[in-house]
Amino acid sequence: MPDAYTVPLAKLVEDNGFECIHCPREAALISIGSREVNRPALVLAGYTEHFDAGRVQFLGLTELDYLAGLPEDLRTQRLKSFLALKPAAVLVTRGLEIPPRLLELAVAYEVPLLHTQESTSACMAALVSYLGVELAERVTRHGVLVEVYGQGVLILGASGVGKSETAVELIKRGHRLVADDAVEIRKVSNKTLVGSAPDNIRHFVELRGIGVINARRIFGMGAVKLTEKINLVLQFEPWDSEKVYDRLGLDEQFVEILGIRIPVSVVPVKPGRNLSIIVESAAMNNRQKMMGYNAARELLHQLGMENEVRPEQRELDIWHEY
């Protein structure tokens, strides 16, 4: 079972520009653990079954106008039954005035009450996207993540094989560094992995013989990026003269990360090979494959051999080494 991740309410408020009207205790000690949000219309109408108290609850113009039209006693009863369920937080949108009774009961039931000027639908969409990233299933791997021609390339390999040096050369060639040494990979959807660097080592690169450098300070803000979708994995390994390496690229190899299959290629490393150009070529070739073009298949077609060679798909297990 994957770990259950949470985000502190204080971080959620700060990152999304919300105003905290009431917080029963320090916001940093309150955790939000659900990726989903909710508009509690049915609860305010009296139906409380299947209510998920872990979700952030949105009160927009429709909900507040509905409550305003109820008799005072009934309005108080509905608000009590809603807040007694202890929702994770209640967010009033559109800059609407917060009803005094709502604030009073939020204090009484110790429910965080937030406020925003954003429209309800836009704010819900933004918060769902934000929580999808913050609460995503994740894993950290030793490697380098760079953006090359719009492709997120995750470079793996044993220590000293040349990953960081290649990343610096790619930066000099106009590409961007996302993470060096430790890459935090998050599963933000059933099809998408996003990589980033841990906060404490972001933008730093270790070069053996030189030491640690700050890529942002040396090469500028345009040389770094906070996050990037992972489109391709390249495994660097020392050249083995006894090993047969793929020369056509017909065999489609994949690695499974958090249940998602990502294309992977093994790149043999030896003196004289320009790894940065190889990474650039691999990124562009993968981009062409995503768009439906495969150079190896076209070559076989021109040679009249497309029916003689069948491409093979297989999983490549590379995690146990790192």
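The figures follow:
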quantity	calculated
Cβ-Cβ under 7 Å pairs, at least 6 apart or on other chains, region 96-109 side closer than 17 Å to LEU61 by Cα, far side polar (S, T, N, Q) and surrounded by 14 or more Cβ atoms within 10 Å (Cβ to Cβ)	ARG101/THR76
All positions within region 88-102 that are closer than 23 Å to ASP15 by Cα and touching a Leu at 6+ places or on another chain (Cβ under 9 Å)	ALA88, ALA89, VAL90, LEU91, VAL92, THR93, ARG94, LEU96, GLU97, ILE98
Members of region 97-127 that are out of contact with any helix residue (DSSP H, G or I) (no Cβ under 7 Å at 6 or more places or on another chain) and of a type in the set (D, E, K, R)	GLU97, GLU104, GLU110, GLU118
Those residues of region 169-201 which are among the polar types (S, T, N, Q) and either outside the structural domain of GLU228 (by TED's automatic domain parsing) or more than 12 Å from VAL139 (Cα to Cα) (or both), in sequence order	SER189, ASN190, THR192, ASN200
Near pairs, Cβ below 7 angstrom, 6+ apart or cross-chain, from region 8-35 (closer than 22 Å to ALA136 by Cβ and touching a residue at least 40 places away in the same chain (Cβ under 8 Å)) to any residue that is outside any loop (DSSP other than H, G, I, E, B) and among the charged types (D, E, K, R)	none
Residue selected from region 243-301 under the condition in contact (Cβ under 8 Å) with a residue 12 or more places away in the chain and of a type in the set (Ser, Thr, Tyr), by the criterion surrounded by the most Cβ atoms within 10 Å (Cβ to Cβ)	SER276
All helices (runs of 4 or more DSSP H) inside region 11-104 with 1 or more residues being touching a Phe, Trp or Tyr at 6+ places or on another chain (Cβ under 9 Å) and charged (D, E, K, R)	72-83
Verdict on GLU134 being under 15 Å from ILE32 (Cβ atoms), in contact (Cβ under 8 Å) with a residue 12 or more places away in the chain and buried (at least 17 other Cβ atoms within 10 Å of the Cβ)	yes
Residue among VAL144, VAL107 that alone is surrounded by 23 or more Cβ atoms within 10 Å (Cβ to Cβ), among the β-branched types (Val, Ile, Thr) and at pLDDT 95 or above	VAL144
Unique match (being under 28 Å from the mean Cα position of the chain (by Cα), among the small types (Gly, Ala, Ser) and farther than 20 Å from ALA126 by Cβ) among ALA45, ALA106, ALA53	ALA53
Residue match in region 233-240 (condition: of a type outside the set (Lys, Arg), modelled with pLDDT of 90 or more and closer than 30 Å to SER129 by Cα)	yes
Hey, LEU70 more than 15 Å from LEU113 (Cα to Cα) and among the hydrophobic types (A, V, I, L, M, F, W, C) or not	yes
Positions within region 120-146 being among the β-branched types (Val, Ile, Thr) and assigned to a strand (DSSP E or B), in sequence order	VAL139, THR140, VAL144, VAL146
Criterion: in contact with a Gly (Cβ under 9 Å, 6 or more places away or on another chain) and within 26 Å of GLU134 (Cβ to Cβ) - qualifying residue of ARG94, ARG25	ARG94
Search result, residues across region 147-180 that are surrounded by 18 or more Cβ atoms within 10 Å (Cβ to Cβ) and either at positive phi or in a loop (DSSP other than H, G, I, E, B) (or both)	GLY157, VAL161, GLY162, HIS175
Strands (runs of 3 or more DSSP E) lying entirely in region 205-248 (those with 1 or more residues that are of a type in the set (D, E, K, R) and within 23 Å of ARG273 (Cβ to Cβ))	232-238
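The values are calculated or read from the model by the stated rules, or taken from the named source; none is laboratory data. Predicted, not measured: the structure shown is a model, and the values here were computed from it. A quick note on method: Cβ atoms are made from the backbone with ideal geometry, for glycine too, and the neighbour counts reach across all protein chains shown.
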